[in-house]
1. Could you work out the helix-only [θ] at 222 nm for the chain, with each DSSP H run of four or more residues adding -39,500 (n - 2.57) and the total divided by the number of residues, to the nearest 500 deg cm²/dmol?
2. Report the net charge of residues surrounding residue 35, where surrounding means a beta-carbon distance below 14 angstrom and charges are Lys +1, Arg +1, Asp -1, Glu -1.
3. Please list, in order along segment 9-14, the HN-Hα scalar couplings obtained from phi with the Karplus expression 6.51 cos²θ - 1.76 cosθ + 1.60 (θ = phi - 60°), rounded to whole Hz, x for Gly and Pro.
4. Of the labelled options (i) -0.48, -0.62, -1.16, -1.23; (ii) -0.66, -0.73, -1.00, -1.05; (iii) -0.45, -0.57, -0.98, -1.03, which one gives log10 I(q)/I(0) by the Debye sum over Cα atoms at q = 0.14, 0.16, 0.23, 0.24 Å⁻¹ as computed for this structure?
5. Return 12, 19 ranked ascending by Cβ neighbour count within 10 Å, so the fewest neighbours appear first.
Amino acid sequence: MPIALHVDKLERDGTIRVRHVFFGDTLAECEALRNEHGAGCKAFGPALEQNHVIEEVEDIEEIPQWESD
């Protein structure tokens with residue numbers, strides 16, 4: 001079953017203003033996407049490295065697809 005990995009970035013005051021969602025067929029695939037994004041994102045990367053994130057795993061029916069008009 002596909003997975004959605006929700007990763008919330010915690011601000012210094014404890015609020016959440018940004019949520020990233022990584023989709024994959026397995027949790028390991030989602031985590032790899034999270035780590036890849038963190039390596040290149042100046043805002044998300046440091047929060048991830050310092051464990052200033054909250055993660056939630058969700059089983060989903062299917063990975064969303066974009067449909068153009």
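1. Mean residue ellipticity at 222 nm (helix-derived): -8500 deg cm²/dmol.
2. -4
3. With coefficients 6.51, -1.76 and 1.60, one gets 8, 7, 7, 4, 8, x Hz.
4. So the calculated entry is the one marked (iii).
5. Sorted ascending by nearby Cβ count, the order is 12, 19.
Laboratory data are not the source of any read-out in this text; all were calculated from the coordinates shown. Since the structure is predicted, the reported quantities are computational estimates derived from the model, not experimental observations. Backbone-built Cβ (ideal geometry, glycine too); neighbour counts: all protein chains shown.
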